[in-house]
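Following: one structure in structure tokens, then a few remarks.
The values are calculated or read from the model by the stated rules, or taken from the named source; none is laboratory data. This one's a predicted model, so the numbers in the text were calculated from it and none came from an experiment. Cβ placement follows ideal geometry from the backbone for every residue including glycine, while neighbour counts extend to all protein chains displayed.
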Amino acid sequence: PSPLSMKQLLDFGSENACERTSFAFLRQELPVRLANILKEIDILPDRLVKTSSVQLVKSWYIQSLMDLVEFHEKSPEDQKALSDFVDTLIKVRNRHHNVVPTMAQGIIEYKDGCTVDPVTNQNLQYFLDRFYMNRISTRMLMNQHILIFSDSQTGNPTHIGSIDPSCDVAAVVQDAFECSKMLCDQYYLTSPELKLTQVNGKSPGQPIHIVYVPSHLHHMLFE
């Protein structure tokens, strides 16, 4: 896989948003990332790989890989190919929507069926860390292309794809708190109050704004 920094994603989306360039990069990059994960799934313990849940996840990745490989020989100058590529990315993204809970179910099935020694458990955790990081980065690349080049502009006009160049950290913290507070109130009938202090080392006294994906920050804070 080719590593990409937030700055590279930001610069590409804001200054050089060329759909042909993005298409040429992703049609090579995404299959590599999917193939890597498929290889890692294959070296998991046999009993885990054979669970229905992991087999389902594997089938999703294989189908997505096949869908994307079809664009390998397509010309970036072909407008229909560019349009079809966006549609395929949306289809792949939707197909992988339940990857996390399905893989988790596979792990549960595996652990319920046998005793897992500490070394195997550590290896599983290592795989899951890589698996979920791969999913986050792959989904990020697909979302950037979809949001920037899709005909249906549904993203925030101030964002570059899913990236907010001036993400208001306190606002995201407040929103994540409100969501978690609602759950706490529903289940425990009580919840703590939020005490938020901003310390801006760069511009003392000013709100903190960063270049980030608000949905990622919200998810981490909410959890």
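Numbers below:
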| read-out | value |
| --- | --- |
| All positions within region 144-157 that are over 13 Å from Phe23 (Cα atoms) and at pLDDT 85 or above | Leu147 |
| Qualifying residues in region 177-223 (those that are part of a loop (DSSP other than H, G, I, E, B) and hydrophobic (A, V, I, L, M, F, W, C)) - the one nearest to Ile163 (Cα to Cα) | Val213 |
| Test for Ser22: is it part of a helix (DSSP H, G or I), within 19 Å of the chain's Cα centre (by Cα) and modelled with pLDDT under 95 | yes |
| Those residues of region 48-83 which are without any contact (Cβ under 8 Å) to a residue 40 or more places away in the chain, under 15 Å from Gln28 (Cα atoms), assigned to a loop (DSSP other than H, G, I, E, B) and not small (Gly, Ala, Ser), in sequence order | Glu70, Glu73 |
| Subset of region 46-61 that is surrounded by 15 or more Cβ atoms within 10 Å (Cβ to Cβ) and not aromatic (Phe, Trp, Tyr) - its residue that is nearest to the chain's Cα centre (by Cα) | Val57 |
| Residues that are closer than 21 Å to Asn156 by Cα and loosely packed, with under 13 Cβ neighbours inside 10 Å, drawn from region 19-45 | none |
| Verdict on Met103 being in contact with a helix residue (DSSP H, G or I) (Cβ under 7 Å, 6 or more places away or on another chain), closer than 20 Å to Ser53 by Cβ and assigned to a helix (DSSP H, G or I) | yes |
| Test: residue in region 84-94 that is more than 20 Å from the chain's Cα centre (by Cα), in a helix (DSSP H, G or I) and over 21 Å from Pro1 (Cα atoms) | yes |
| Counted residues, region 68-83 - those being within 19 Å of the chain's Cα centre (by Cα) and not hydrophobic (A, V, I, L, M, F, W, C) | 0 |
| Qualifying position, being in contact (Cβ under 8 Å) with a residue 40 or more places away in the chain, more than 30 Å from Thr21 (Cα to Cα) and among the small types (Gly, Ala, Ser), among Ser191, Ser162, Ser180 | Ser180 |
